[in-house]
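Below is one structure; the comments refer to it alone.
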Amino acid sequence: MRAKRLIIIVAVFILGGVVGFLGSSYLYYKHVFSLLTMQDAETLNWRLVLASKLRLGESDNAVSFLEEGIDSELLGLKNSKFPKNDFCYYALREAKTYRNLYPSNSSMSSQVTDALVDIQKLETFRCEGALSRLVKQAQTKK
């Protein structure tokens, strides 16, 4: 009788574990993977719009579209928590450097300015990338 109870208790725990594992797997797949898939679809759509504008020769419109995306992502990143040695902080420093050269003209411009107040712009660059070339170009025009 006692052995039978022990077997039933163990079986209930095993069944509960299996049900819990399957339930959590389903919920993880439903919420996390669907979110990642949606982000991929949004990125694809954004790139298609941008490529279409560039193919149509609408480079000014494409740059405005890109800069609105920069402002939106910058504000989202600024509201996140991360250490100052994180790549996210470096990306904000790049954004500050870019926005010093090209101030925001989007509807979020005042928010962008406020968000970047306490972020230091980049003074030196690790490599010769597009942003460093833009900074050098701006310095030679002065």
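A short reminder: the numbers here are calculations on the coordinates, not readings from a lab. Here the structure is a predicted model, which is why all the values come from computation and not from measurement. Ideal geometry is used to build each Cβ from the backbone, glycine not excepted, and the neighbour counts take in all protein chains shown.
Numbers for the structure displayed
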read-out	value
Where only C-alpha atoms are counted, convex hull volume of the range 1-57 per residue in Å³	33
Full-stretch length increase - residue 47, residue 113 - with 0.36 nm per residue and alpha-carbon distance subtracted	21.2 nm
Sites residue 58 and residue 34 - FRET efficiency at Förster radius 35 Å, r taken between beta-carbons, to 0.05	0.60
Selected from 89, 26, 98 as most flexible by GNM, with the chain as the system and alpha-carbon contacts under 10 Å	26
Against the rule of thumb 2.2 N^0.38 Å, how large the Cα Rg of the range 23-142 comes out	1.28
Separation of the residue 2 and residue 19 label points, Cα + 7 Å toward Cβ, nm	2.9
Separation between Cα centres of the range 26-74 and the range 85-103, rounded to whole Å	20
Whichever lysines have a C-alpha closer than 27 Å to that of residue 84, once near sequence neighbours (fewer than 8 apart) are set aside	96, 121, 136
